[in-house]
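The values are calculated or read from the model by the stated rules, or taken from the named source; none is laboratory data. Everything numeric in this text was worked out from a predicted model, so none of it was measured. Cβ placement follows ideal geometry from the backbone for every residue including glycine, while neighbour counts extend to all protein chains displayed.
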Amino acid sequence: MADAIRVAVVGVGHLGRHHARILSSLEGARLTAVVDVLPGRAADAARTCGAQAFTDSRELLGRVDAVTVAVPTERHREVALPFLERGIPVLVEKPMARSLEEADAMIAAARTTGAVLAVGQTERFNPAVAAVMPVVTAPRFIEVHRLGVFPDRSLDIDVVFDLMIHDLDIILAMVKSEVASIEAVGVPVLTPRYDIANARLRFASGCIANVTASRISRDRVRKIRFFQPDSYLSIDYAAQEVEAWRLVRRDGGRPSIEGGAIPVERDEPLRRELADFVRAARERTAPLVDGEAGRRALELATRIAARMERVV
């Protein structure tokens, strides 16, 4: 791969290890380095993936062509900004920052230098979502359930920024309308932060989305359903399965309901996300989920969190 770009992963905890695993064999990329503040963890990941280990991301400047950032949210801006300011492409995990001000600083730096800025809204790369995108044309009601068991990570942010933000990004990409009003409630059950939340979003188009996210459930559920005139579509994110049903009207005859499963070519969403980022970094083109899209999801999550605080 003579034209492969040199890529590094900053943060090789739970998710960063998967970044390193995929990038170590991804076409168009050469995993050059991994970084972690824990020397042992960095060394272990580097040994596994055949890369060089560092404990300070600033040591990568001048050594790499692109980086992915999988550190805790509170450090996203701190880690990403030096690379963006030097025109080096960055993929930062979701949520892209802990505040809109920090997100704006990253976007501004990327705009000034022309650096590619991608945000890791991984569900956008789910093959099941890609299969449904072209046929969700006029959604009127959206129902989402994203339920998971209690994790041992991402407890520095509440469930809206940890889990719900995946679905907020999908909804914003599908509806393409301004959010007119928000009703929301959250409950801190096992941590000081909200562990379960529900938001009801009303869009200017008239569409309503009812979104539930929980990280304290006994079962794992990741489903989204779209209802629009004469059709219904359902996505099981985890199984990567899609069902589509539509009302077929016939002249002079009784209408019928037709549909069923839509074929989905299964793939690892994170692999597709990283392949998209590597392509964008090599070609200096826009990634599927850029900084502006990441900011829109963060802004909506922030509005939902603020509404929950008012309810309390």
If you take the residues of the range 56-81 that are over 11 Å from VAL12 (Cα atoms) and β-branched (Val, Ile, Thr), which of them is nearest to the chain's Cα centre (by Cα)? THR73
Can you name every residue in the range 174-225 that is surrounded by fewer than 21 Cβ atoms within 10 Å (Cβ to Cβ), of a type outside the set (D, E, K, R), assigned to a loop (DSSP other than H, G, I, E, B) and under 22 Å from the mean Cα position of the chain (by Cα)? SER177, ILE216, SER217
Condition first: within 22 Å of PRO139 (Cβ to Cβ), charged (D, E, K, R) and assigned to a strand (DSSP E or B). Can you find one or more residues in the range 278-293 that meet it? no
Scanning the range 256-272 for residues that are surrounded by 14 or more Cβ atoms within 10 Å (Cβ to Cβ) and assigned to a loop (DSSP other than H, G, I, E, B) gives VAL264, ASP267, GLU268
Can you confirm whether the range 101-114 contains a residue that is buried (at least 22 other Cβ atoms within 10 Å of the Cβ), within 24 Å of ASP158 (Cβ to Cβ) and touching a residue at least 60 places away in the same chain (Cβ under 8 Å)? yes
Taking the range 275-284 and the residues there that are touching a residue at least 60 places away in the same chain (Cβ under 8 Å) and farther than 19 Å from ILE170 by Cβ, the one that is nearest to the chain's Cα centre (by Cα) would be ALA275
Among the residues in the range 159-172, are any outside the structural domain of MET96 (by TED's automatic domain parsing), over 15 Å from the mean Cα position of the chain (by Cα) and over 25 Å from VAL10 (Cβ atoms)? no
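Might you let me know whether the range 130-141 holds any residue that is farther than 18 Å from ASP169 by Cβ, in a helix (DSSP H, G or I) and either at pLDDT below 95 or of a type in the set (Lys, Arg) (or both)?
Step one: of the range 130-141, the residues farther than 18 Å from ASP169 by Cβ are 135, 137-138, 140-141.
Keeping just the survivors that are in a helix (DSSP H, G or I) gives 135.
In the following step, the residues that additionally are either at pLDDT below 95 or of a type in the set (Lys, Arg) (or both) were identified as 135.
Scanning the range 130-141 turns up at least one residue that is farther than 18 Å from ASP169 by Cβ, in a helix (DSSP H, G or I) and either at pLDDT below 95 or of a type in the set (Lys, Arg) (or both).
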